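Take a look at the structure set out below.
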Amino acid sequence: TVLHVHRVLKQILGYAVKVGIIVKNPSDGATPPKRGIKQMPMWDVPTIQLFLEDSQESRYGHIFNFAISAGMRRSEICGLKWDAVDLVNGSLDVAATLQQIRGHGLVTGEPKTERSRRTIKLAPETVALLQVVQGSQQLAKLEAGPLWQEQGYVFTQANGSPVLPDTLTQEFRFLLKALELPPLNLHGLRHAFATLGLVGGMAAKTASEHLGHSSIV
């Protein structure tokens, strides 16, 4: 937070110098703390596999499975629509996000960076998972009848409306507690994809591009 505030103030005051409001940037005299390298908590491979097995029958087990197999961000998963998915060729375009912003509700947007907007190749198991999701959605439409809200999302609630990002996070937290698994946040499932990929021999550059990272670092 301190680093971010310093960076913003430095830019603001730098602009003030540029347009002649002040003659010197006072933030130049500040010494911000160095950014430490923090090791992200992550499960080992057996724990990831155990989670995949034990979460299958949970409410959002299919989404958690997809998160690990696709390596997408929460907002990208919630914002994924069928028109961006190619089940025949086994790929999808990450071109939209869905976020829950306090005071504004659900907000659609674009991926956070240029590299975040990407096309990713899906494993056969992931394609099969999406086919199951698609079939279940067709049944849900029949059951909901006129109450179904067709919005084109891949992952939906019982009435066709999109899954709320915050609800997904809460359900994940409750599930970990119920399964008595080591602590991990929902974003950690994205790291689980990287863990499985690198252990399986995926090149670091390939994993980075799949995840939509700005750099391989």
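The values are calculated or read from the model by the stated rules, or taken from the named source; none is laboratory data. Just so it is clear, the model here is predicted, and its values are computed rather than measured. Heads up, the Cβs are rebuilt from the backbone with ideal geometry, glycines too, and the neighbour counts pull from every protein chain shown. All accessible areas refer to the heavy atoms of the entire protein, side chains included, with ligands and DNA or RNA removed. Shrake-Rupley method; radii C 1.70, N 1.55, O 1.52, S 1.80 Å.
Among the numbered conditions (1) open to solvent by less than 70 Å² (accessible area, probe 1.4 Å); (2) acidic (Asp, Glu); (3) over 14 Å from the mean Cα position of the chain (by Cα), tell me where Glu114 comes up short. All conditions are met except number (1).
Screening Pro46 with (1) under 15 Å from Leu184 (Cβ atoms); (2) out of contact with any helix residue (DSSP H, G or I) (no Cβ under 7 Å at 6 or more places or on another chain); (3) part of a loop (DSSP other than H, G, I, E, B) gives one miss only, at (3).
Do we find a residue being surrounded by 14 or more Cβ atoms within 10 Å (Cβ to Cβ) and in contact with a Phe, Trp or Tyr (Cβ under 6 Å, 6 or more places away or on another chain) anywhere in the range 25-40? Looking for residues that are surrounded by 14 or more Cβ atoms within 10 Å (Cβ to Cβ) and in contact with a Phe, Trp or Tyr (Cβ under 6 Å, 6 or more places away or on another chain), one finds none in the range 25-40, hence no.
Residues satisfying the criterion are present in the range 88-106 (criterion: exposed (fewer than 15 other Cβ atoms within 10 Å of the Cβ), modelled with pLDDT under 95 and within 16 Å of the chain's Cα centre (by Cα)).
One line per residue, one yes/no per condition, for (1) closer than 19 Å to Glu53 by Cβ; (2) open to solvent by less than 40 Å² (accessible area, probe 1.4 Å):
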{"position": "Gly109", "(1), (2)": "no, yes"}
{"position": "Leu130", "(1), (2)": "no, yes"}
{"position": "Ser136", "(1), (2)": "no, no"}
{"position": "Leu147", "(1), (2)": "no, no"}
{"position": "Glu180", "(1), (2)": "yes, no"}
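Can you pull out every residue in the range 10-21 that is hydrophobic (A, V, I, L, M, F, W, C) and either free of Cβ contacts under 8 Å to residues at least 12 places away in the same chain or open to solvent by 90 Å² or more (accessible area, probe 1.4 Å) (or both)?
Of the residues in the range 10-21, the ones hydrophobic (A, V, I, L, M, F, W, C) are 12-13, 16-17, 19, 21.
Within the range 10-21, Ile12, Ala16, Val17, Val19, Ile21 meet the criteria.
Can you tell me which residue within the range 162-175, out of those that are free of Cβ contacts under 8 Å to residues at least 60 places away in the same chain and not charged (D, E, K, R), is farthest from Ser75 (Cα to Cα)? The extreme case among them is Phe174. Looking at the range 4-16, can you tell me whether even one residue there is modelled with pLDDT under 95, of a type in the set (Val, Ile, Thr) and not in a helix (DSSP H, G or I)? No; the residues of the range 4-16 include none that is modelled with pLDDT under 95, of a type in the set (Val, Ile, Thr) and not in a helix (DSSP H, G or I).
Residue-wise test of (1) of a type in the set (S, T, N, Q); (2) open to solvent by less than 50 Å² (accessible area, probe 1.4 Å); (3) touching a helix residue (DSSP H, G or I) at 6+ places or on another chain (Cβ under 6 Å).
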residue	(1), (2), (3)
Val23	no, no, no
Tyr60	no, yes, yes
Ile68	no, yes, yes
Ala84	no, yes, no
